[in-house]
Structures are given as structure tokens and as C-alpha cells.
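Notes follow once the structure below has been shown.
The values are calculated or read from the model by the stated rules, or taken from the named source; none is laboratory data. Everything numeric here is computed off the predicted structure, so don't read it as measured data. In this analysis, Cβ positions are derived from the backbone assuming ideal geometry, glycine residues included, and neighbour counts consider all displayed protein chains. The accessibility values were calculated without ligands, DNA or RNA, using every heavy atom of the protein model including side chains. Shrake-Rupley method; radii C 1.70, N 1.55, O 1.52, S 1.80 Å.
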Amino acid sequence: ERNKIYAEICEAKIDSEYFEEKIVQTFSGAAKTKEVQCETITVTEKGMMVTPWDLDNPLDAPGTEPAETEEPESPAGTSSTSPPAGEQGQAGAVPSATASSITLAESAAPARSPEEQECHSGAILTSAKLQQDLVVMERILMENIFQPKLAVYRQIPVLIEPVVTSATEVEEDEEDEEEKQEEAAEPAEGPAEGTGPRLELLWSYRCDLTRGHSVSSMAWNKVNPDLLAVGYREFVSQGKKKGLACCWSLKNPMWPERIFRCEHGVTAVDFSLARPHLLAVGTASGHVAVYDVRSRQDTALLDSSASLNKHKGPVWQLKWVEQEGGATAGDKEERLMCISGDGRMTQWFIQQRLDCSDVMQIKRTESEKKKLPGERERKSEGPISQQAAGMCFDFHPKDTDIFLAGTEEGHIYCCSCSGKEQILGTYRGHEGPVYKVAWNPTSTDMFLSCSADWSILLWHRDSHTPLLTFTSVTAFVHDIKWAPQSALIFAAVNEKRVEIWDLSVSIFDPVLSCAASPEGNLSSLLFARNAECLLLGDSCGQVGVWLLPSLAVPSTDQVWLCSECLGSFP
């Protein structure tokens with residue numbers, strides 16, 4: 001019906017005096033050239049001739065032999081399959097047909113069985129070339145997904161792809177932007193509530209393997225600042241889940257580069273400085289293992305299971321320390337130091353096997369309680385163990401022979417590795433186990449300590465009483481770290497939130513406090529080495545990378561004045 005209407009319109013136009021037929025030459029648009037880089041495509045030509053005699057003997061029939069087996073029995077001129085005399089003109093095509101069938105039989109590949117096809121596909125999937133290609137593809141995908149976040153982490157401009165739009169769309173976008181600016185300007189007239197520095201989450205290191213574990217410790221590689229080692233243990237000590245030590249890279253925040261499975265929960269990890277490929281791991285059972293991160297195997301390079309002096313309690317912290325002890329004067333040798341719940345501070349030697357020797361044994365001390373008037377003297381009850389459980393330690397940033405050791409009793413000992421007197425001083429101020437101690441990297445006479453008594457204490461090396469006490473919430477303070485760019489800024493995590501303290505601004509309240517883990521409790525923290533970021537580990541097995549706000553870095557004179565004032569306190 002529509003075609004009829006169209007034909008009627010055309011006929012009406014022909015009879016009309018206004019209808020003119022003209023020829024117009026249009027210009028074809030310029031051809032566009034688009035280059036694509038790919039591997040060279042190889043092209044081969046193959047051909048064959050099929051005759052009626054080949055159709056009589058199909059090659060796909062099982063158990064049939066090729067046609068060339070019958071050829072020697074009769075010559076080509078007296079073949080039983082030769083055409084009749086009336087078709088002598090086609091007699092010359094018979095030998096060529098036989099030859100073509102032979103060529104077809106030789107070139108045709110036999111069909112593979114399902115078992116052979118599975119073996120062939122398995123060989124392809126396990127080939128090294130495919131694995132390398134998959135790694136390259138994975139890197140490309142991760143870069144496309146996390147490029148804006150990684151650019152912010154690297155402090156470089158974020159690449160924004162230009163969007164080609166028409167003139168009308170541009171005008172509409174400009175109108176929308178003007179409306180948004182007007183709406184944003186209206187509430188700005190009143191006072192803004194809750195304005196202040198806040199943390200911004202860039203990404204989180206997490207996967208299915210780490211789910212249900214708690215982050216116990218984190219350590220950066222000393223040479224590669226993009227390689228992070230994280231130790232995991234079960235959140236509730238039930239002995240059901242095994243420990244993990246994973247190496248994460250910025251190139252893939254969704255899956256670890258190396259996975260080392262341990263029989264017990266991992267409590268401490270640290271990379272070596274002299275040999276950056278060695279990763280030391282301490283577990284809750286007291287074992288110490290050294291892994292080679294260059295290898296993809298899960299087995300440990302060295303293990304303390306065969307050592308007679310191995311720890312009998314959890315290894316709460318370990319660290320590679322350079323100390324003088326080389327062959328020549330002034331030469332330094334790297335040693336692995338550990339502190340354990342059995343009250344021993346040990347150093348481990350990496351030889352044909354992993355063995356250790358005791359640096360010191362932490363003895364229990366009686367708490368100094370004042371006797372009330374009229375109170376009778378009680379008989380001293382013998383402790384269950386003469387040794388106090390060690391929880392943490394930290395070596396002096398300039399003198400590696402001096403270190404601090406925190407105990408479960410709440411005491412902090414200043415100790416020396418050399419000399420007869422190992423304990424140089426005792427600092428009493430905490431009412432619960434000391435979880436972390438940290439020397440100030442700039443003002444080396446000051447150090448911090450955090451405990452289960454909800455407090456953070458600032459100490460001076462020459463004073464056995466704390467200079468300052470920081471308490472904001474009633475929760476265990478699990479970890480503390482000094483900021484690498486300032487001597488007056490430190491971060492702390494408790495079960496509920498993360499806090500940033502700036503002593504040049506206030507000693508009563510933190511300059512930043514926020515709940516960074518809504519799903520679980522925070523357990524550890526670590527400053528990034530080459531970025532203004534803070535890493536926070538929680539009890540759900542994820543490590544969040546948070547962008548720090550721009551905090552004012554005090555000048556050198558301000559740091560010196562503050563240190564002098566703190567050092568002059570009684």
C-alpha cells in the first residue's frame with residue numbers, strides 16, 4: 001500500500017510543471033587512516049583437487065587404508081577402475097586423480113580423541129608464555145581501573161580523556177554547571193559544621209584469602225617502596241584458620257604477588273635491608289621462618305623448627321637490625337632480632353640453618369605499691385614464671401646497641417646489647433601490656449609508647465616518668481608511628497578509630513580523628529614511604545590506603561624549641 005502511494009506521488013510530480021530532473025555531483029569525504037599495532041598475521045595458501053574417485057573412498061571412515069595401497073597391484077594403463085573405451089579422452093585424468101588422493105591423505109591430520117584434546121589444552125594453559133601474557137594483560141587492566149587513584153598516590157596529574165560533544169550539548173553542560181554552582185553557593189552563606197581535615201580512601205588491599213583474618217603487622221620493602229608485606233592471623237584465637245604472609249604490589253591491589261601459608265597465625269613480618277628479597281616471618285607458635293620472595297614456591301628458605309633454642313611463646317615482633325660486628329672495624333652486619341612471649345630477646349643467624357642466641361631475658365619485677373597506714377605487710381607470693389612476656393621493641397635510630405623493650409607487665413626497659421649491665425633504665429607508667437614503643441627519628445631522646453590501658457605516653461630518655469599522656473577514647477591503643485616528615489606528628493590506632501596528633505598544634509586533642517574501618521576494628525598502621533598516605537589494617541583482613549590531608553610541617557626552630565621545652569619538664 002505504501003509503495004502504491006509512493007508511485008502515485010512520483011506520477012503526479014512528472015505531470016507537474018514544477019518538477020525538474022537534475023544531476024548533482026557530491027564530494028566523497030576524505031578517507032581516514034587509523035593505525036593499529038598488532039602482531040604480524042601470517043597467511044598461507046593451500047589447495048587440492050577432488051575427483052569422483054576420491055568421493056568413493058572417504059578418508060574419515062574409521063579403519064580404511066589410503067588409496068595408494070592398491071596402486072602397485074595393477075599398472076596405470078590396466079587399472080580395474082579405468083574408464084571404458086568410449087571415454088579414452090578422460091583416461092589421462094585417472095593417474096592425476098590417484099595422485100591427488102594420495103596428497104589429500106598425507107595432508108589430512110587425524111582427528112584427536114577427547115583425552116588428547118584435554119591434554120593439548122592443558123599444556124597451553126600451563127605454558128610459561130601464556131602465563132606471562134596473562135600477567136601483562138592483568139597489569140594493563142589494573143592500570144586502567146586504578147589509574148586515577150594511583151596518580152593521586154604518586155602525586156602526579158590525573159589523565160582525563162577529552163569528551164567530544166556537539167555545540168548543543170556544550171551549551172547544556174554549561175547551563176548545568178551554572179546551576180550547580182548556584183546551588184553550592186547558597187548553603188555556603190551559613191557556618192559549616194564538621195569542617196576539618198579528613199582522610200580519603202584510595203583503595204584497599206584485600207581478596208578472598210584474607211577475609212576472616214586480622215592484619216597483625218605490615219612492612220615495606222627496603223629497596224622497592226611499592227612492595228608491601230602483610231601478616232595475617234585469625235581474629236579470634238581458635239586455631240581453625242592458618243596464617244598468611246602476603247606480598248602486595250601497587251601494580252595489582254586486588255591480588256597479592258606472593259602468598260606464603262603458615263601453619264599458625266602470623267604475628268610479625270619484616271624485609272631485610274642487605275638482602276631485600278628475604279622476608280622474615282614470626283608466628284604465634286614461636287616459629288621464625290625466612291622466605292625468598294623471588295621464588296613462587298610456598299616453602300620457607302629457612303625455618304626455626306630444627307633449632308634447639310626456638311621460642312616457646314608467640315613472636316610478637318621481629319626486625320632486621322644492622323650492628324657493628326663485621327670482619328673489619330666499622331663494618332656492620334645485619335641480624336634478625338626477635339622478642340617473644342616467653343620473655344626472651346633473641347638474635348638469629350642465617351647460616352645453613354636458622355639458629356639463635358639470647359640477647360637478654362626479661363625478668364619480672366615487683367610493682368612498687370605504697371603501703372597504706374595501718375595495713376599489714378603481706379607475704380610476697382611467688383610468680384608463676386620468673387620471666388615477663390616481651391611484647392615489642394625498638395632500636396635507637398643512631399646507636400643500634402641501645403633498644404627499648406615493652407613487656408606485658410606495663411614496664412618499658414632501656415637495654416644495651418653490649419656490656420655487663422643490660423638494663424640501663426626502667427620506665428613505669430602503664431597499667432596494662434605495652435603494645436608498641438617508637439623512638440622519635442629526629443629528636444632521638446624522645447620516644448612514644450601505647451598500651452592496653454587506653455593511653456599513649458611520651459617519654460624522655462633521661463626521665464623515668466612520662467612527660468605527656470594522650471588519652472581520647474576508652475579503647476586499647478594497638479599501634480603508634482611517628483610521621484616521617486615531622487618530629488612532632490604521630491599517628492595512633494585504637495579499636496574504634498585512627499588519630500593524628502600534632503604536638504605543635506595541641507597536646508590535648510588530636511588534629512584528626514575518624515573511624516576508618518566501619519566493618520571491623522583497626523589493628524595496625526604504617527606510613528607510606530614515597531607518598532602522603534597512611535595504611536591501616538583491620539580485623540577483617542583488609543589494608544586501606546588513605547590519603548592524608550595537608551598538615552602544616554613545623555620549622556626546624558619550632559621543633560628544637562618544642563623538644564627543649566619537653567625535655568625541661570620534671
### Task
Could you calculate the contour length gain from THR444 to LYS222, that is, 0.36 nm times the residue separation minus the distance between their Cα atoms, to one decimal place in nm?
77.8 nm
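Sorted by accessible area (1.4 Å probe), largest first, how do ARG198, ARG335, ARG529, ARG344 line up?
On the way: ARG198 165, ARG335 45, ARG529 125, ARG344 25 Å².
So the residues, ranked largest to smallest area, are ARG198, ARG529, ARG335, ARG344.
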### Query
Got a number for the accessible area of LEU134? Probe 1.4 Å, square angstrom, nearest 10.
90
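In the structure shown, do any of LYS222/LYS251; LYS398/LYS481; LYS222/LYS436; LYS34/LYS251; LYS222/LYS481 have a Cα-Cα gap over 24 Å, and if so which?
Working: LYS222/LYS251 18 Å; LYS398/LYS481 18 Å; LYS222/LYS436 21 Å; LYS34/LYS251 30 Å; LYS222/LYS481 17 Å.
Pairs exceeding 24 Å: LYS34/LYS251.
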### Task
Could you order peptides 449-457, 44-52 by the average number of other Cβ atoms within 10 Å of their residues, highest first?
449-457, 44-52
### Which of GLU495, GLU431 is most accessible, then next, and so on - probe 1.4 Å
GLU431, GLU495
### Most to least packed among 250-261, 531-542 [average Cβ atoms within 10 Å]
531-542, 250-261
### Query
To the nearest 10 square angstrom, what accessible area does ILE362 show with a 1.4 Å probe?
0
### Task
With a 1.4 Å probe and every protein chain left in place, tell me how much accessible area TRP439 has, in Å² to the nearest 10.
10
### Model label zone, ASP509; criterion: amide N under 20 Å from point 7 Å along Cα-to-beta-carbon; scope region 440-461
455-456
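Would you list SER285, SER28 from the most to the least accessible area, probe 1.4 Å?
Details: SER285 40, SER28 110 Å².
From most accessible down to least: SER28, SER285.
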### Query
Calculated FRET efficiency, THR40 and ASN530, Cβ-Cβ r, R0 41 Å, to nearest 0.05?
0.55
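What full-extension length gain, to one decimal in nm, is calculated for LEU273 and CYS10 as 0.36 nm per residue of separation minus the Cα-Cα distance?
On the way: separation 263, 0.36 × 263 = 94.68 nm, distance 8.92 nm.
Contour length minus Cα-Cα distance gives 85.8 nm.
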#### Entry: D_trans [Stokes-Einstein, Kirkwood Rh over alpha-carbon pairs] for region 440-520, 37 °C, 0.692 mPa s, µm² s⁻¹
252
